[in-house]
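A.B. asks: This is the structure I want to talk about, given as structure tokens.
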Amino acid sequence: MSLVQQPQPVEATQSRPVPQNLASPKSPSLLKRMMSARSSRMSALDSSSFSLDDSERFMLPPSTSTALTSPLPARFFRPKKLPCCDPSSSDLMEWLQGDCPQDLLPKILAFAGPQMVSKLSQTNRFWNALVSQEQTWRTLSEELYKWTEEDETPSCWRDYYRYNPCVPVDFPSITRALASATTHKHLQNRSVRVLMRPGRYILKEPITVEANHGVSVTVETMDLPDSFNHVIEYPNDEKPKKRKTSLRKLLSCRTVDADDEDEPPLEFPERSSEFGMVLGKNRAVLTLRCKKHNQPLVKVRRGSCVLRNLELRHITYGLDIWNGNAAVQIQPPLSPDEQPIPVAPMPTAVLDHVDVTSESGRGVVNIDGGDLSIRNCYIHDCAATGVYVGAAASKLTIQNTDVVRNGNGNRQHRRGIARGHSGIYLEQGLAEINNSSISQNCLTGISAVSPSNAILHLSESELVSNGSTQLEMPDIGTLAQRNSSTRDVHLSNVDSPRLRSALVEEVDSMMSSSIMSSELSSEFSI
């Protein structure tokens, strides 16, 4: 005779007495919910008839007969889900390590993402060895369209994948992507190419480039198949924070200054949104939303920066169009007394197939000794000057570029930039312009100001339909005038411009095709 009393089987439909604390009339809803849940579990157990095969398939506890007749909690009877890839396997990871073809594992890792790949490499030796293989990183680079057969084969595929980050696949923002090649002194010590998928991105802070000698930072749109060319929104997920105002501050007497008033949020008008909708189909559209005043979208302070196949849409608070209120600012760092600090190497920027517009300030600013090269770009509808060059050591090179409709001011904000600016303003420095159109600007097409340091070489270009003067050169006999030259330049006050950049032709073809499709649809509807 056993000294331990065995539990007696209980009927599935038998109900236990309700505790006194739950039977109180103060909690009828709680009692009702608990009784309803318990009765549903008991009815499910009563209506179930599992065979031996069923218990093995659902992995029930060994004492199946006792479990079916005793009121155990329902968590013991929850079926365990098996991987759908192979019913005979008990674990998906075991199937991947054992039965999955080894040549498919790198392709599967491409869908997992770099964060998951990093975690898998720390689980066991199998995954660590797989992630350490060069073929794995080559497959990842090919599957994510970071490398094609036309590109040069790298010596190390793992470093190639790391220093060619994709946004938003590898990193959620450009700032995080640039941090992969940044030292503790906020300097980029390795050349990095940030690949952007086509879509609209909202930046919370400017893109700052401070690279060492021989280091290049590139930001460009990825070349994806036609199936990927659709507009994707990457909005700012942060909710606006409520301003905390104390009662003492509300009731205190203070002097109100016009500059301290809350400024309305800055938004792009419908015209720019429609333009961005066309360009954003095949390009990455970068928009800056920052509460700080006079913040550029891209700030190059040291080293080399390349912007390729992008659309830059800039708008910010403030009126300082020399130090910050511009879409792209090429300028070395300043000392506390606002004097340029000599750095090595000096800031260098290359804009290739870039659409630039600024609703609050200038398009591109190159001052204090920077080197700027603009190729196949479209700089348009800026509130102030399209391209500004200052300081004697600054250099500017423009080829196959359109600088049109700039200098009309910021009509959106009452304390914005006033109307009346040029397309290209060369205060000091050396500028070489070839096969470009500088037209329909508010004030002048090109203004070369300094009689000694503003040297301009203009060839095979046109300056038409600008506001006051098409071309303003230094006075005759000055050093800058003797060193400057013009060749095959078309000047007119009334002609229509012939745009030179292929980027504008692409936009016109897209818009014309959309108009034709709308007309055809209207004809069919009639």
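A.B. asks: Using mean Cβ contacts within 10 Å as the protection proxy, how do 450-457, 156-163, 129-136 order, highest first? Display every interim value, and only then the final one.
C.D. replies: On the way: 450-457: 19.5, 156-163: 17.0, 129-136: 15.0.
Put in order of decreasing packing, that is 450-457, 156-163, 129-136.
A.B. asks: Under the Karplus relation 6.51 cos²θ - 1.76 cosθ + 1.60, θ = phi - 60°, what is the ordered set of whole-Hz ³J(HN,Hα) values for the stretch 336-347, x standing for Gly and Pro?
C.D. replies: Ordered by residue, 3J(HN,Hα) equals x, 8, 6, 10, x, 9, x, 10, 9, x, 5, x Hz.
A.B. asks: Moving on to the next point. So what does the Cα-only Debye profile of the stretch 379-477 read at q = 0.10, 0.11, 0.19 Å⁻¹, as log10 I(q)/I(0), no solvent term?
C.D. replies: So the normalised log intensities work out to -0.24, -0.30, -0.84.
A.B. asks: On to the next question. Apply the Karplus parameterisation 6.51 cos²θ - 1.76 cosθ + 1.60, with θ equal to phi minus 60°, to every residue of the stretch 308-318 and state each ³J(HN,Hα) to the nearest whole Hz, in sequence, with x for glycine and proline.
C.D. replies: 9, 6, 10, 10, 9, 10, 10, 7, 8, 7, x
A.B. asks: Taking a spot 7 Å from the Cα of residue 213 along the direction of its beta carbon, which residues of the stretch 345-375 have an amide N less than 16 Å from it?
C.D. replies: The answer is 345-348, whose backbone nitrogens lie closer than 16 Å to the label point.
A.B. asks: Considering the Cα trace of the stretch 329-388, what is its radius of gyration and what is Dmax, both in angstroms?
C.D. replies: When restricted to Cα atoms, the stretch 329-388 yields Rg and Dmax of 12.8, 37 Å.
A.B. asks: Say each of residue 119 and residue 468 gets a label point 7 Å from the Cα, pointing the same way as Cα to Cβ; how far apart are those two points in nm?
C.D. replies: 6.3
A.B. asks: So what are the ³J(HN,Hα) numbers for the stretch 91-96, from phi and the Karplus equation (6.51, -1.76, 1.60; θ = phi - 60°), rounded to whole Hz, Gly and Pro as x?
C.D. replies: 8, 5, 5, 5, 5, 5
A.B. asks: What number comes out for accessible area per residue over the stretch 365-435 if the probe is 1.4 Å? Units Å², please. Present the calculation step by step, with values, prior to reporting the outcome.
C.D. replies: Numbers: 2270 Å² over 71 residues.
That works out to 32 Å² per residue.
A.B. asks: Please work out how much length the chain gains when fully extended from residue 483 to residue 432, using 0.36 nm per residue of separation minus the C-alpha to C-alpha distance, in nm with one decimal.
C.D. replies: Value of the extension gain: 17.2 nm.
A.B. asks: OK, next. Rank by packing, highest mean first: peptides 347-356, 470-479, 314-323, 367-376, with packing defined as the count of other Cβ atoms within 10 Å averaged across residues.
C.D. replies: Working: 347-356: 23.9, 470-479: 15.3, 314-323: 20.0, 367-376: 21.8.
Put in order of decreasing packing, that is 347-356, 367-376, 314-323, 470-479.
A.B. asks: Near the amide H of residue 199, under 5 Å away, which other amide H atoms are found, from residues 5 or more places off or on another chain, if H is placed in the peptide plane?
C.D. replies: Placed amide hydrogens put 232, 283, 284, 285 under 5 Å from residue 199.
A.B. asks: Further question on the same structure: Report, by chain and number, residues whose modeled amide H sits under 5 Å from the one on residue 288, excluding near sequence neighbours (fewer than 5 apart, same chain).
C.D. replies: 203, 313, 315
A.B. asks: Right, something else. To the nearest 0.05, what FRET efficiency results for residue 179 and residue 102 with a Förster distance of 30 Å applied to their C-beta separation?
C.D. replies: Numbers: r = 34 Å, r/R0 = 1.13.
After rounding to 0.05, the efficiency reads 0.35.
A.B. asks: What order, most packed first, do the peptides 287-294, 95-102 have when packing is the mean number of other Cβ atoms within 10 Å of each residue? Spell out each step's value before the answer.
C.D. replies: Values: 287-294: 16.4, 95-102: 13.0.
So the order, starting with the most tightly packed, is 287-294, 95-102.
A.B. asks: Starting from the amide H of residue 374, placed 1.01 Å from N in the peptide plane, find each other amide H under 5 Å away whose residue is 5 or more places distant or on another chain.
C.D. replies: Here 351, 397, 398, 399 satisfy the definition.
A.B. asks: Also, I was wondering about something else. Between residue 226 and residue 94, 0.36 nm times their residue separation minus their Cα-Cα distance comes to what?
C.D. replies: Full extension of this stretch gives 43.8 nm more.
A.B. asks: Separation between the residue 112 and residue 129 pseudo-spin-labels, each 7 Å from Cα along Cα→Cβ, expressed in nm?
C.D. replies: Calculated label separation equals 1.6 nm.
The values are calculated or read from the model by the stated rules, or taken from the named source; none is laboratory data. Since the model is a prediction, treat every value here as computed from it, not as a measurement. Heads up, the Cβs are rebuilt from the backbone with ideal geometry, glycines too, and the neighbour counts pull from every protein chain shown. Each accessible area value is taken on the protein alone, full model and side chains, heavy atoms only, with ligands, DNA and RNA left out. Shrake-Rupley method; radii C 1.70, N 1.55, O 1.52, S 1.80 Å.
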